[in-house]
Structures are given as C-alpha cells and as structure tokens.
Amino acid sequence: MAGGEKGKSSYFEKTMLSAGILHSIRLIFKIGGALGSFPYEWDSKLGEAKLKRSRFSILRWKFIIVYILFNTVFMTVRLAQAACCMETTYGKLFMNLYNVITWSCTSAFQINTFLHTQHFPEFINHLIRTNRHFQLRKHHDINHYQ
C-alpha cells in the first residue's frame with residue numbers, strides 16, 4: 001500500500017466522536033439529570049440534550065448548587081483551621097487541601113452551568129450534529145473513492 005493510500009484510509013477511519021464517547025455523553029445526561037446534578041435530560045427520540053422544564057427539577061438543582069457552595073466554604077474554613085493549628089500533620093493538611101480543590105472545581109462547574117444554563121445543551125447538540133454531518137460526509141467520500 002502506498003503512503004498516500006494509507007493516509008486516505010486513516011482519514012476515513014477517524015470521526016470526531018466515537019460511538020463510545022456518544023454513549024458516555026448519553027449516560028452522563030441520563031444519570032446526571034436523574035440525580036439532579038444539572039438541569040438537563042437526554043431526549044432519546046431526538047438523540048439530543050435538552051433543558052428540563054420541571055420547576056421541581058430546577059429547584060432541586062439550585063438547592064444542590066447552594067449545598068455545593070456551602071461545602072466549598074466549609075472545607076476552605078477547615079483548611080484554614082488546619083493550617084493555623086500547630087499539631088496538624090501534613091497528611092491532614094493535604095487531605096483538607098484536596099477537599100478544597102475538589103469542592104472548588106465542583107463549584108466552578110455548577111456556577112458556570114448556572115450562568116450558561118441555555119448554552120450547554122446547545123453546545124453539546126451542535127457537537128453531536130457536527131459529528132453526524134462528518135460521519136455522513138465520510139461515508140459519502142468512501143463511496144466516492146471506491
């Protein structure tokens with residue numbers, strides 16, 4: 001096989017999102033939506049993410065945001081207490097630091113989701129549609145070269 005032909009076949013084998021990644025996206029939206037981690041759900045008929053319209057779901061999600069922010073502040077205070085205490089071991093200090101970093105990242109995700117509630121499912125759906133477009137184009141290009 002010539003070098004150019006090898007390049008063509010590797011081009012045709014690649015997609016933006018593999019079937020496994022698309023499956024993971026669906027699972028994240030189904031599980032995260034069911035747990036109330038974010039105000040989105042997966043529409044199986046359309047194969048897209050959408051914003052939940054239920055007032056209860058939105059209220060539950062806002063409660064979770066407050067809970068996460070409270071825990072972030074609490075863990076930060078605990079870190080400050082541990083840092084000021086002379087008897088604190090490095091293990092406890094690093095464990096508190098790890099908790100602050102973890103809760104801070106979770107808070108940042110939730111705040112970003114809150115500020116851009118409408119945009120996140122639009123972005124995911126656009127990514128999925130673009131992937132579908134390139135998959136159709138890939139199949140068209142393969143048939144064209146055969």
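Read-outs throughout are calculated quantities, based only on the coordinates presented, and are distinct from any laboratory measurement. Only a predicted model underlies this, so the values are computations on that prediction, with no experimental measurement involved. Neighbour counts run over all protein chains shown; Cβ positions are idealised from the backbone, glycine included.
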- Task: Quick one: compute the contact order of the stretch 18-135, relative version, from alpha carbon pairs under 8 angstrom and 6+ residues apart, as a percent.
- Result: 24 percent
- Electrostatic dipole magnitude of the stretch 18-135 [Cβ: Lys, Arg +1; Asp, Glu -1; Cα centre; debye, to 20]: 420 debye
- Spin-label model distance (nm) - Phe109 vs Ile21, 7 Å beyond Cα toward Cβ: 1.8 nm
- Query: What is the spin-label model distance, in nm, from Met95 to Val66 if the labels are put 7 Å beyond Cα along the C-beta direction?
  - Reply: 3.0 nm
- Note on the structure: For the stretch 18-135, the Kirkwood Rh over every pair of distinct alpha carbons, in Å, works out to 16.4 Å
- Message: Less than 13 Å Cβ to Cβ from Phe120, Lys/Arg counted +1 and Asp/Glu -1: what total charge do the surrounding residues give?
- Response: -1
- Item | Summed side-chain charge close to Glu48 - residues other than Glu48 whose Cβ falls under 14 Å, Lys, Arg +1, Asp, Glu -1 | +4
